[in-house]
Amino acid sequence: MEEEIIFYGHPNIRAMHEKTIELTKAKDITLRGDCIIGVNANKACIDLSNTIKNKLRENNSLIRISLIVDKYIYSFFGYGNSFLIIADKHDIVIRKSEFVCPRTMAIRCNKASSDIPKDLVQLLKDPKTKGILHINIE
């Protein structure tokens with residue numbers, strides 16, 4: 001089961017948060033959003049297909065996630081949980097922790113935004129940079 005989210009870079013992307021990764025539909029962000037890796041996303045949690053949402057809500061479903069930007073493919077994984085709400089209209093958050101709110105798409109991830117290679121983060125600072133977040137659930 002697969003789904004893709006298209007997003008774009010922004011000059012204020014810092015990718016410094018040690019516990020989360022976030023995509024937002026917002027077109028503009030401040031420097032305070034240090035977990036955000038992309039803006040102007042074509043999907044938030046609410047927009048994910050019901051098939052994907054149902055799989056995300058299976059306890060311990062393995063979620064393989066790839067961040068595809070230019071020549072880079074940065075892959076990591078997380079897990080689903082029956083308590084996931086997956087209903088936010090603006091954002092998608094991937095968490096290292098087990099915290100769940102309407103913005104949470106995956107928990108217990110092995111990476112956070114601070115783990116993303118710095119040369120990839122530099123690309124994400126350019127508003128012309130287009131990225132894809134590829135989600136694959138077994």
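Quick note: the coordinates plus some simple rules give every number you see, no bench work behind them. This is a predicted model, so every value here is computed, not measured. Using ideal geometry, Cβ is built from the backbone for each residue, glycine included, and neighbour counts are taken over all protein chains shown.
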Rounded to the nearest 0.05, what FRET efficiency is calculated for Met16 and Thr51 with R0 set to 25 Å and r the Cβ-Cβ distance? 0.15
About the Cα centre of the chain, how large is the charge dipole given +1 on each Lys and Arg Cβ and -1 on each Asp and Glu Cβ? Please answer in debye to the nearest 20. 180
HN-Hα J in Hz across the stretch 18-24 - Karplus 6.51, -1.76, 1.60, θ = phi - 60°, x for Gly and Pro: 8, 10, 9, 10, 9, 10, 9
Among Lys19/Lys43; Lys89/Lys128; Lys25/Lys125; Lys27/Lys71; Lys53/Lys128, the pairs whose Cα-Cα distance exceeds 18 Å are Lys19/Lys43; Lys89/Lys128; Lys27/Lys71; Lys53/Lys128
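Work out, step by step, the length gained on full extension between Tyr74 and Glu138: first 0.36 nm times the residue separation, then minus their alpha carbon distance; give nm to one decimal.
Taking Tyr74 through Glu138 to full extension adds about 21.2 nm, to one decimal.
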Can you list the trypsin sites (Lys or Arg not before Pro) in the stretch 1-86 that are in a DSSP coil and have 15 or fewer other beta carbons within 10 angstrom? Lys19, Lys27, Arg32, Arg57, Lys71
Simple spin-label estimate for Val100 and Lys118 in nanometres, 7 Å along Cα-Cβ: 3.8
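Per residue, what volume in Å³ does the convex hull of the Cα atoms of the stretch 2-137 enclose? Walk me through the numbers on the way to the answer.
Numbers: hull volume 11.4 nm³, N = 136.
That works out to 84 Å³ per residue.
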Simple label model, 7 Å out from Cα along Cβ direction - Glu58 to Lys27, nm: 3.9
